[in-house]
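Undergrad: Dropping a structure here in structure tokens format, bear with me for questions.
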Amino acid sequence: MNLLENRSKAYEYVSKEFTAKDSLKSARIVRQAIEISAGHKAILSYSRFAHNNYMGANKISPDSSFVIYRVIESKFPRFSKRDLDHFDLNNYKYSQIRTHEYRIL
């Protein structure tokens, strides 16, 4: 949740402060906001832990590995809108974060 909250706050800031022609700068700000979040650091820490356990168990010793992760958030209809079909995926709203490659040692 921390990761998604940081991203939404960064999008709010960027939409207020920058115009469409500053898209590279705004994308960099959003990426930095994601990278400093505690959720991002926790995901990379767990990836490092899983990497070390897998490589140790299989007696493989690469120099490093790369991690790309994706976080998908789905918002479903609330109970107050119970007349909507909860099994119809068109009533859901999806958003996702797909990261760049991060090298873990």
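Undergrad: Return a whole-number percent for the relative contact order of the chain, with Cα pairs under 8 Å and 6 or more residues apart as the contact set. Kindly include the intermediate steps, with their values, before the conclusion.
TA: Numbers: 86 pairs, mean separation 26.7, N = 105.
Here the relative contact order equals 25 percent.
Undergrad: Report the paramagnetic label zone for residue 103: residues of the range 34-63 whose backbone N is under 12 Å from a point 7 Å from Cα along the Cα-to-Cβ axis.
TA: Counting only backbone N, you get 63.
Undergrad: Once every DSSP H run of n ≥ 4 in the chain is given -39500 (n - 2.57) and the sum is divided by its residues, what mean residue ellipticity at 222 nm do you get, rounded to the nearest 500 deg cm²/dmol? Please report the intermediate quantities before stating the final value.
TA: Numbers: 3 runs with 49 residues, N = 105.
Mean residue ellipticity, 222 nm, calculated: -15500 deg cm²/dmol.
Undergrad: May I ask you to list the trypsin sites (Lys or Arg not before Pro) in the range 1-103 that are in a DSSP loop and have at most 13 other Cβ atoms within 10 Å of their Cβ? Please list the in-between numbers first.
TA: Details: sites: 7, 9, 16, 21, 25, 28, 31, 41, 48, 59, 70, 75, 78, 81, 82, 93, 98, 103; in loops: 59, 78, 82.
For trypsin sites (Lys or Arg not before Pro) across the range 1-103 that sit outside H, G, I, E and B with at most 13 neighbouring Cβ atoms in 10 Å, the list reads 59, 78, 82.
Undergrad: How high is the FRET efficiency between residue 32 and residue 83 when r is their beta carbon distance and R₀ equals 41 Å, given to the nearest 0.05?
TA: Numbers: r = 42 Å, r/R0 = 1.04.
Step by step, r from the Cβ atoms, then E = 0.45.
Undergrad: At a 10 Å Cβ-Cβ cut-off, how would you order 19, 99, fewest neighbours first? Please report the intermediate quantities before stating the final value.
TA: On the way: 19 9, 99 17.
The order, fewest Cβ neighbours first, is 19, 99.
Undergrad: From the residues 105, 18, 66, which one has its Cα farthest along the dipole of the chain in the positive direction, the dipole being from +1 and -1 charges on Cβ of Lys/Arg and Asp/Glu about the Cα centre?
TA: 18
Computed from the coordinates by the stated procedures, all read-outs in this text should not be read as laboratory data. What you see is a predicted model; the values in this text were computed from it and never measured. All Cβ positions, even for glycine, are placed from backbone atoms using ideal geometry, and neighbour counts span all protein chains on display.
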